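Remarks on the structure that follows.
No lab work stands behind these numbers, since they all come straight from the coordinates. Being a predicted model, the structure only gives us computed values, none of them experimental. All Cβ positions, even for glycine, are placed from backbone atoms using ideal geometry, and neighbour counts span all protein chains on display.
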Amino acid sequence: MKSSSQRSLFVWSTREILLIAAIGVVFGLILVSSLYAFSFAVALGPFAAWSWIGLYLMPSFFIGYILRRPGSALLTAVLYSLVMLLFSPYGPLILINCAFYAISGESAIAIGTRYRSFSLLWMILAGAVGGIVMIVLYLIFYPASLFEFALPIFIAVVAVTLASGIISSIIAKLLADALARTGALSGTALKRDDTQEV
């Protein structure tokens, strides 16, 4: 008999796979259509650029909240990354940022909710964690992109990134709850969890 951790990581139902695929493709198309606006935001400065982080973390929060199992946020991010690669003006370079979003999204759900607690407060915590992980990844791999800022600007960038992640996690929860009320998510962990706080 497989342990619960093995089941969580390696055994997926057809419904879960189809849901991950659908969400990955839909969000991929939405995100790739936002790339030109994001490029404009980057030109406006660090505050505008980092305020977009939450948008790219939203698919992971959304699927993580619905399926509530390890790997779902990561798999969704991989799928939307592939969709973005097909249409991105940046070419394969987009995959580097998408890898950061995948790691941040899965880490946020794992640390923020532990795949067990999905009330609004826990989702807010997940949003904050996602923002923190993104900043840490950039500090590790692209230190010049953040260390070149004066300390007050760096603190402001951190604050806007955390706010962006938190807002994104709240929106993802509200969207998933609204979709669940239509009956489209029957059979998912979200619908089975009678103790969730809407």
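The set of residues from segment 26-65 being within 24 Å of I124 (Cβ to Cβ), of a type in the set (G, A, S) and not in a helix (DSSP H, G or I) comprises S34, S51.
Residues in segment 124-142: is at least one outside any helix (DSSP H, G or I) and free of Cβ contacts under 8 Å to residues at least 60 places away in the same chain? Yes: one or more hits.
The number of residues in segment 7-25 that are exposed (fewer than 15 other Cβ atoms within 10 Å of the Cβ) and either under 16 Å from the mean Cα position of the chain (by Cα) or not in a helix (DSSP H, G or I) (or both) comes to 4. The single condition among (1) touching a Pro at 6+ places or on another chain (Cβ under 7 Å); (2) surrounded by 16 or more Cβ atoms within 10 Å (Cβ to Cβ); (3) not polar (S, T, N, Q) that V160 does not meet is (1).
Is it the case that segment 58-66 has a residue that's farther than 17 Å from L175 by Cβ, polar (S, T, N, Q) and within 17 Å of the chain's Cα centre (by Cα)?
The answer is no, given that none of the residues of segment 58-66 is farther than 17 Å from L175 by Cβ, polar (S, T, N, Q) and within 17 Å of the chain's Cα centre (by Cα).
On the basis of being crowded, with 17+ Cβ neighbours inside 10 Å and either closer than 20 Å to S51 by Cα or of a type in the set (A, V, I, L, M) (or both), does A150 make the cut? Against the criterion (crowded, with 17+ Cβ neighbours inside 10 Å and either closer than 20 Å to S51 by Cα or of a type in the set (A, V, I, L, M) (or both)), A150 does not qualify. Taken together, the criteria exclude S107 from residues that are without any contact (Cβ under 8 Å) to a residue 60 or more places away in the chain, in a loop (DSSP other than H, G, I, E, B) and within 27 Å of I17 (Cα to Cα).
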